[in-house]
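Chemist: Below: one structure in structure tokens.
Read-outs: derived from the displayed coordinates by stated rules, not from any lab. Note that the coordinates shown come from a computational prediction; the quantities given were computed from them, not determined experimentally. Backbone-built Cβ (ideal geometry, glycine too); neighbour counts: all protein chains shown.
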DNA sequence: CTCGGTGCAAACCCTTTGCAGTAAA
DNA sequence: TTTACTGCAAAGGGTTTGCACCGAG
């Protein structure tokens, strides 16, 4: 089953049509695995494949993909949302943001289970977490 | 040295005047220690003390206080900034956000040193971090 | 054929900025 | 008196929405 099959199944199951525009946005997201694209980034990359696509369609598509858990939608301190393809189930939203070049990369470890269980003992129910480090990436840290 | 003394020293050192408006915003922030207020929250609470204060002044004041490290300015996923009085130096920005009532509280632990030193070994320079848990607070988790 | 999807432009929300008048120091 | 600060309203940036047309199923 190809990536498109997986997605179109998900769309189908929710009465959504797989239009050219949605396929285009999906292609862009797949071609940028691991990157955190803003809506405008997605628009510009989509326009290279389909010049007439509009920003509203991009937003609406990304919104739907986020609700189907095909992409993650995260607000960073810069004040706009960024969208990232969901790689697999155990993605943990650990970002490291370079304060110089602005690059956002992922931290793969999961050292937070202790902290989560500590909070659950206090009566919280933890559903998700989002950890961001701010600093300088190896290239800029010179 | 009272709280106002500390602040007015900081303002003085930066050629800033301690106006009625700034004093009002500071009072509001002190009266809401530990809370994460939006600019509009601050405006409404300030208007109770000084009805003519404007939103632009609130934003400008909070911006100055943030640059003086008197308050923290953080963007949450709802898409707007929230401001919080800096309590002390070892504040770690560990937030827990209730997905039901929307309350934001603080997590005091610091279990992230391992993770930070791991990243520094990889060549990163870590300056700060921001950890958010999403879930349900003890009250709503029933 | 039907109904959801699209592009455009206008509306929206939050935040910032320009300007003429105001008030700290 | 001097210079920074204020309130207002307008502008800005990102996101959402209304509407008439379009196209996937």
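Chemist: Any residue at all in the stretch B:56-64 that is within 14 Å of another protein chain (Cβ to nearest Cβ) and within 14 Å of DNA strand C (Cβ to nearest atom)?
Modeler: yes
Chemist: Which of the residues that make up the stretch B:46-55 are touching a residue at least 12 places away in the same chain (Cβ under 8 Å) and either within 14 Å of chain A (Cβ to nearest Cβ) or within 9 Å of DNA strand C (Cβ to nearest atom) (or both)?
Modeler: Matches in the stretch B:46-55: B:55 only.
Chemist: Can you tell me which residue within the stretch B:92-136, out of those that are part of a strand (DSSP E or B) and without any contact (Cβ under 8 Å) to a residue 12 or more places away in the chain, is farthest from residue A:133 (Cα to Cα)?
Modeler: Going through the stretch B:92-136, the residues part of a strand (DSSP E or B) turn out to be B:94-98, B:104-106, B:125-136.
Filter once more, so that each one left must be without any contact (Cβ under 8 Å) to a residue 12 or more places away in the chain: B:125-127.
Working: B:125: 10, B:126: 7, B:127: 8 Å.
Filtering first and then ranking leaves B:125.
Chemist: On to the next question. Taking the stretch A:71-94, which residues are within 16 Å of DNA strand D (Cβ to nearest atom) and surrounded by 17 or more Cβ atoms within 10 Å (Cβ to Cβ)?
Modeler: Result: A:71, A:72, A:74, A:76, A:81, A:82, A:83, A:84.
Chemist: Taking interchain pairs and intrachain pairs at least six residues apart, which have beta carbon atoms under 9 angstrom, with the first residue in the stretch B:33-44 and more than 19 Å from residue B:98 (Cβ to Cβ) and within 14 Å of another protein chain (Cβ to nearest Cβ) and the second part of a loop (DSSP other than H, G, I, E, B) and within 9 Å of DNA strand C (Cβ to nearest atom)?
Modeler: Hits for this filter: B:39/B:80.
Chemist: Looking only at the stretch B:65-76, count every residue that is free of Cβ contacts under 8 Å to residues at least 12 places away in the same chain and more than 8 Å from DNA strand C (Cβ to nearest atom) and tell me the total. Quick ask: steps written out before the conclusion?
Modeler: Quick first cut of the stretch B:65-76, residues free of Cβ contacts under 8 Å to residues at least 12 places away in the same chain only: B:67, B:73, B:75.
When the remaining residues are screened for being more than 8 Å from DNA strand C (Cβ to nearest atom), the result is B:67, B:73.
Residues that pass the stated criteria total 2.
Chemist: Let me ask another. Can you tell me which residues in the stretch A:1-43 are surrounded by fewer than 13 Cβ atoms within 10 Å (Cβ to Cβ), within 12 Å of DNA strand D (Cβ to nearest atom) and assigned to a helix (DSSP H, G or I)?
Modeler: A:9, A:12, A:20, A:40
Chemist: Quick one: residue B:127 ticks every box in (1) away from DNA strand D (no atom under 13 Å from the Cβ); (2) over 14 Å from the mean Cα position of the chain (by Cα); (3) over 30 Å from residue A:138 (Cβ atoms) bar one, so which box is it?
Modeler: (3)
Chemist: Residue by residue through the stretch A:44-57, note down the ones that are out of contact with any strand residue (DSSP E or B) (no Cβ under 9 Å at 6 or more places or on another chain), part of a helix (DSSP H, G or I) and surrounded by 12 or more Cβ atoms within 10 Å (Cβ to Cβ). Walk me through it before giving the result.
Modeler: Going residue by residue through the stretch A:44-57, those that are out of contact with any strand residue (DSSP E or B) (no Cβ under 9 Å at 6 or more places or on another chain) are A:44, A:46-57.
After this cut, where a residue has to be part of a helix (DSSP H, G or I) as well, the list is A:44, A:46-49, A:55-57.
Result: A:44, A:46, A:47, A:49, A:55, A:57.
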